[in-house]
Amino acid sequence: MTVIETRPTAPVQVVGADVATAVAAAEQMLVALGVDTHVEHLRRTAERLVLSYGEMLTPTPFEATDFLNEAKHQGFVIVQDVAFAAICAHHLLPFVGSATVGYLPGARLLGLSKLARLVEHTTRGVQVQENVTQQIADGLQRVVPDHGGIGVFVEAEHLCMTLRGAKARGASTVTSTWRGALERDATLRSEFLSVAGLRSRP
């Protein structure tokens with residue numbers, strides 16, 4: 001019988017998490033998989049694993065800041081290539097990519113940084129790319145309810161597919177969703193893709 005010694009863990013801000021129990025469980029998993037956790041450079045691996053997942057699974061705070069569209073801007077507002085990393089709900093491996101998010105404003109404009117923060121907020125936790133795409137659009141729709149249309153385009157590499165299983169090196173997954181006028185109007189969607197520099201992509 002293997003005796004597993006647990007060590008004090010560094011404090012981590014993970015709401016609702018029992019870090020000590022998670023570290024003990026992670027150590028048991030590593031030992032069961034044949035990892036010698038008594039080797040010097042592996043002694044804190046279970047702790048680092050838990051703290052890493054704790055960080056990636058904890059949603060970042062998000063608060064929308066909007067302001068009056070004084071100039072009555074009617075064109076697209078798009079933030080391109082917002083980098084993110086999420087955890088696959090099926091294998092707990094990362095999928096890493098970027099999101100392009102935009103909308104046609106109405107009476108109010110959303111602070112530009114909030115589009116990037118919405119992506120960061122949405123991609124935390126165990127996720128599926130298709131859900132991430134819809135949730136980003138849902139979140140944007142809530143904070144700019146008078147929009148003239150919303151577009152979200154997500155492209156990511158899933159390590160569960162490129163490092164194991166199919167081992168499809170270099171493969172990326174593309175998902176998109178449209179709301180409002182962009183959902184109804186193919187010409188408007190084409191304009192969005194062109195403005196965002198996505199026309200040549202799938």
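Karplus-based coupling profile of the stretch 156-169, in residue order and whole Hz: 8, 9, 9, 5, 5, 9, 8, 9, 9, x, 5, 6, 7, 4, with θ = phi - 60° in 6.51 cos²θ - 1.76 cosθ + 1.60 and x standing for Gly or Pro. Computed in the context of the full set of protein chains, the accessible area of the chain at 1.4 Å probe radius has 55% of its extent on carbon or sulfur.
Taking the Cβ-Cβ separation of residue 39 and residue 98 as r and a Förster radius of 45 Å, what is the calculated FRET efficiency to the nearest 0.05? Plugging the Cβ-Cβ distance into 1/(1 + (r/R0)^6) gives 0.75.
The loop-placed trypsin sites (Lys or Arg not before Pro) in the stretch 128-202, going by DSSP, that have at most 13 neighbouring Cβ atoms within 10 Å of their Cβ come out as 164, 167, 169, 199. Shown here are the Rg and Dmax of the Cα trace of the chain, at 20.9, 72 Å.
Subtracting the Cα-Cα distance of residue 20 and residue 83 from their residue separation scaled by 0.36 nm leaves 19.6 nm. When Rg and the Kirkwood Rh are both derived from Cα coordinates, the Rg/Rh ratio for the stretch 58-178 amounts to 1.03.
The values are calculated or read from the model by the stated rules, or taken from the named source; none is laboratory data. Because the structure is a prediction, the values reported are computed rather than measured. Note that each Cβ is placed from the backbone with ideal geometry, even for glycine, and that neighbours are counted across all protein chains shown. The protein model used for the area step is the full one, side chains on, heavy atoms only, and it has no ligands, DNA or RNA in it. Shrake-Rupley method; radii C 1.70, N 1.55, O 1.52, S 1.80 Å.
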